[in-house]
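Below is one structure, written out as structure tokens; the observations come after it.
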Amino acid sequence: MAKEQLAVVEMIMNIILGKTDGTSRVDFFPQKPKFPFDDPYLQPFPRTTPESQGISSDYLAAMIRELGTSKYTDMHHLMILRNGKVICECNFAPYRSGIWHITHSMCKSITGMAIGMLIEEDKLSLDENIYKIFESRLNPLAKIFRPTVTVEHLLTMTSGVTFNESGIVSGNDWLGSYLNASISGHPGESFQYNSLNTYVLSAIVTERTGLTLTEYLEPRLFQPLGITKYFWETCPQGITKGGWGLFLCAEDMAKLGQLYLQKGVWNGNQIIPAWWVEASTGKHVESLAGTFGYGYQLWMEQRPGSFEFNGMLGQNVIVYPDIDMVIVTNAGNNELFQNCVMLNIIRKYFPKEFRPPRILPENSCAQSILRRLTAEMETGNNIFPKIRKGGWKKNFHGVRRNSWNTVKDIPLPDPHSCMKLLDGKKYELYPQSVGLFPLVIQVFHNNMTEGIHSLSFSYEKGDFLANFGEGNEWHKIKVGFGRAQETWLTLHEESYLIATLGDFTTDENGTLVLRIEITFLEECVKRRAHIFFYDDEIQIHWSETPGKGMIMEGLESVTEELSNRFLYGAFKENGGMDVLHRLMEQAIEPVITGKLV
């Protein structure tokens, strides 16, 4: 078994066993800064009415309603441009405008842009063998038996290198592990999506320029486009991750799409070589089932000539050159890539045959309805609530109380009285294996929990706070009732802006329940807790989204890698995987107990 597979298995077992120390073989160092709210935003797009650009406000309102109400979507940000002007923007509560958002694999397309620039500067070529570029990093045997893997193979996800995303938890030397890993099949033969291909492209930029990918792009791409509010993580060896780890504002994502729509030209200057835009946006390889092909670090879309910068869970820049349109989405869907409900809704509204006119008559009534709808979505006072799996709503506005309150004549709890009742109460929790950071954040940012050991409540000057003790830190989280309250959550010197919404209810026995939803406003994830109060004890039921479904899917992909192992086969045949899945599900959605002190 390869060391990266062993590392993943070890991490899974530590999560199942509730171990909060030693769950990562990768050295942690704090990277992420707070979002720079005070910095001015540069080069914003002009805003105008949809009708002035040939799109109906009614049409866009219908799409927003469908995106906002689908139980399969969790929209965060939406921005639509036509002819280089913003005709619609919508932020879905508690997410708000003007703040960066994790892009996941959407940033692979930016790394691809850097490769095009490097080739234009005669510092790289598509047919170069990566094992020659990094010859000093290979072990002697690898130098003898390596096939040729070219830069183009990395760009098209056809390298066949087996060291993939699971390897990021196996140690600090990702580049060395990739270069010395085995190869499946023949390079260039088949599409195998692997984020480490993009990471190696980032490493090539550093190898050829002496600059990190971020340093290389700053004067060549980010500054010319006025992109100043961004942050891109590095690996433990200081190489920009390239394929993930970038935080970027939605409007800056739109700038990148508009840049490609304009064949690499921005403010009259050729930023990206036009030949590279054309080459990278053409289909080079067939991709996954249900998708439309892959270019150089970006995906083809359904409309002829269209393409997409795509990141998991709903981070997209969709470019429709034939109708001069760019659509940006940020979301937290429980689906990974292109073949998903959210994109299919967008495709439904912009099918191949959609040909809008240059201009439409202004429609002040429809524009007013669209403005009201987007305002309601951003404040959370929308009239389109939806029920989530497990009974959770997208927000708590207009939540239907438990039906047994009426059937059993159980009075609804008064929030103010409940806050006063809990003021000053403190509970010691066990087991101490659950953290405020969801598992997705812990793994992607290598910021592992030390386990929450205490929970107390305070009611100060009208603010209700849930105070969580985790490791040596206390997190004082303001809980909003009716509207989420924002707080900075700092763990191991990394700060994340969260919005927390609370609601008091009862179970069928009249037991008081506090429901808390913590939204990570810069991320795709939410943390949820049902806290049941029993005399001098509490019980907390934890969950997260995107959660169990996606994490279990990832577990399946890891175990699939082990399928040719004899012991794995015997384990699976004897029902071992069912047991493992149940244990993992319990670890993803744990129940912990607290005692009043």
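The values are calculated or read from the model by the stated rules, or taken from the named source; none is laboratory data. Since we're looking at a predicted model, the values are computed, not measured. FYI the Cβ positions are ideal-geometry reconstructions off the backbone, even for glycines, and counts take in every protein chain you see. Please note that ligands, DNA and RNA were not included when accessible areas were found on the heavy atoms of the full protein model with its side chains. Shrake-Rupley method; radii C 1.70, N 1.55, O 1.52, S 1.80 Å.
Below, the figures for the structure above:
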{"quantity": "Where labels lie 7 Å past Cα in the beta-carbon direction, separation of residue 473 and residue 13 in nm", "calculated": "2.9"}
{"quantity": "Peptide ranges 321-328, 211-218 listed from the most packed, as the mean C-beta count within 10 angstrom indicates", "calculated": "321-328, 211-218"}
{"quantity": "Potential lengthening between residue 322 and residue 183 on full extension [0.36 nm per residue; Cα-Cα distance subtracted]", "calculated": "46.1 nm"}
{"quantity": "Of 85/229; 71/476; 425/461; 229/283, pairs whose Cα-Cα distance is over 24 Å", "calculated": "71/476; 229/283"}
{"quantity": "Relative contact order of the chain, defined on C-alpha pairs under 8 angstrom at six or more residues apart (%)", "calculated": "17"}
{"quantity": "Of all DSSP beta bridges in region 424-521, antiparallel share, percent nearest 5", "calculated": "95"}
{"quantity": "For region 150-250, the fraction of alpha-carbon pairs in successive 10 Å shells from zero, as %", "calculated": "15, 44, 31, 10, 0"}
{"quantity": "Helical mean residue ellipticity (222 nm; -39500 (n - 2.57) per DSSP H run of 4+; nearest 500) of the chain", "calculated": "-8500 deg cm²/dmol"}
{"quantity": "Rounded percent of accessible protein surface that carbon and sulfur make up, region 94-232, 1.4 Å probe", "calculated": "49"}
{"quantity": "Set 420/595; 348/526; 255/526 screened for pairs whose C-alpha atoms are more than 26 Å apart", "calculated": "348/526; 255/526"}
{"quantity": "Accessible area of residue 177 in the full protein assembly, 1.4 Å probe (Å², nearest 10)", "calculated": "20"}
{"quantity": "Extension reserve of the residue 286-residue 454 stretch, reckoned as 0.36 nm per residue once the Cα distance is removed", "calculated": "55.3 nm"}
{"quantity": "Surface share of carbon and sulfur [accessible, 1.4 angstrom probe, percent] for region 417-469", "calculated": "50"}
{"quantity": "Accessible area expressed per residue, the chain, with surrounding protein chains retained (probe 1.4 Å, Å²)", "calculated": "40"}
{"quantity": "Residue 536 versus residue 129: modelled label distance in nm, points set 7 Å from Cα along the beta carbon direction", "calculated": "7.4"}
{"quantity": "Span-like helix ranges in the chain, DSSP H, alpha carbon extent 15 angstrom or more, Kyte mean at least -1.0", "calculated": "3-17, 57-69, 108-120, 195-209, 250-261, 364-379, 548-561, 576-588"}
{"quantity": "Extension gain, residue 591 back to residue 430 (0.36 nm per residue minus Cα-Cα distance, nm)", "calculated": "57.0 nm"}
{"quantity": "10 Å binning of all Cα-Cα separations within region 250-302, expressed as whole percents from 0 upward", "calculated": "24, 46, 26, 4"}
{"quantity": "Accessible area of region 502-544 belonging to carbon and sulfur atoms, whole % at 1.4 Å probe", "calculated": "37"}
